[in-house]
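Colleague: The structure follows.
Computed from the coordinates by the stated procedures, all read-outs in this text should not be read as laboratory data. Model, not experiment: these values are computed from the prediction. Here the Cβ is made from the backbone with ideal geometry for all residues, glycine too, and neighbour counts use every protein chain on show.
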Amino acid sequence: MASILKVDTIQDQSGNNIINESSDTITIGASGDTVNIVGTLQNGGTNFLQGITQADQWRLSANLVNASGVNDITANLERNDTDFALIGTGLTESSGVFTFPQTGIYLITVLATTFNNATNAYGGIYVNTTTDNSNYNTRAYAIGGGGAAGEYQTIAGDIIFDVTNTSTHKVKFQVSSPASFTLSGSTNIQYTGFTFIRLGDT
């Protein structure tokens, strides 16, 4: 036979409130308490996400010299493997195109170290996204250079990308320069790198 317990407050043996109901608001615990949820916490039948579920970082593992024009970055791309552990399953990369492991709102950042091979050489990195797995649009352009030959510079850019479908929503990067221009790369250091952090649900 089922039973019903009707109370407004449940206390521990010391008289401290454990669960309290007042004006349709249920309070669990008190200030300074640690509330441990064993199992899955849900909202209306949907699981709550626990913090960041995807965080990944990639880099250019060798110098890329761009003679001129706009060209896709398709080679020497590797996941950061120096004192780094990704969160989640991470992105996959094929011929410079990055595929997301999970739908959601992503922060994508670019940090690049550039080198002028000639005076007034300059260039940058395009961040291009597609929502149909075919047509790409430029979402950001980080540009630097224009100084004397032999100078290093750092350029940066970022976007927020709403990935509603992992089969169609992808990102790639391009290097652009009208003259001889180098993006610095390394297999041990983030000279030129790309970071992907899932901020939340789409």
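Colleague: Can you list residues whose amide H is under 5 Å from residue 185's amide H, if they're 5+ apart or on another chain and H is modeled 1.01 Å from N?
Modeller: 63, 64
Colleague: ³J(HN,Hα) across the range 94-107 via Karplus (A = 6.51, B = -1.76, C = 1.60, θ = phi - 60°), whole Hz, x for Gly/Pro?
Modeller: 9, 6, x, 9, 9, 10, 7, x, 7, 5, x, 8, 10, 9
Colleague: As an exercise, identify the trypsin sites (Lys or Arg not before Pro) in the range 1-103 lying in DSSP coil whose Cβ has no more than 15 other Cβ atoms within 10 Å.
Modeller: Those satisfying the criteria are 6.
Colleague: On to the next question. Taking the Cα centre of each part, how many Å lie between the range 106-183 and the range 45-84?
Modeller: Comparing the Cα centres of the range 106-183 and the range 45-84, I get a distance of 12 Å.
Colleague: Can you sort 14, 94 by how many other beta carbons sit within 10 Å, fewest first?
Modeller: Arranged by neighbour count, lowest to highest, 14, 94 become 14, 94.
Colleague: Could you pull out the chymotrypsin sites (Phe, Trp or Tyr not before Pro) across the range 23-103 that fall in loop regions by DSSP (anything but H, G, I, E, B) with no more than 16 other Cβ atoms inside 10 Å?
Modeller: Hits after loop and neighbour filter: 48, 84.
Colleague: In whole Hz, with x marking every Gly and Pro, tabulate ³J(HN,Hα) for the range 157-163 from phi via Karplus 6.51 cos²θ - 1.76 cosθ + 1.60, θ = phi - 60°.
Modeller: x, 7, 9, 10, 10, 8, 8
Colleague: A further question follows. By count of other Cβ within 10 Å, fewest leading, how are 73, 52 ordered?
Modeller: The most exposed by this proxy come first: 52, 73.
Colleague: Need one word for the chain: rounded, prolate or oblate. Basis is the Cα gyration tensor (sqrt eigenvalues a ≥ b ≥ c); a/c below 1.5 gives rounded, then a/b vs b/c decides.
Modeller: Prolate.
Colleague: Could I ask something else about it? Residue by residue through the range 192-202, which ³J(HN,Hα) values in whole Hz follow from phi under the Karplus form 6.51 cos²θ - 1.76 cosθ + 1.60 (θ = phi - 60°), with glycine and proline marked x?
Modeller: 10, x, 9, 10, 10, 10, 7, 8, x, 5, 6
Colleague: For a quick check: sort 24, 56 by the number of other beta carbons within 10 angstrom, fewest at the front.
Modeller: Arranged by neighbour count, lowest to highest, 24, 56 become 24, 56.
Colleague: Additional query: Can you give me the relative contact order of the range 136-197 as a percent, contacts being Cα pairs under 8 Å and 6 or more apart?
Modeller: Result for the range 136-197 is 18 percent.
Colleague: When only C-alpha pairs under 8 Å and at least 6 residues apart count, what is the relative contact order of the chain, in percent?
Modeller: 29
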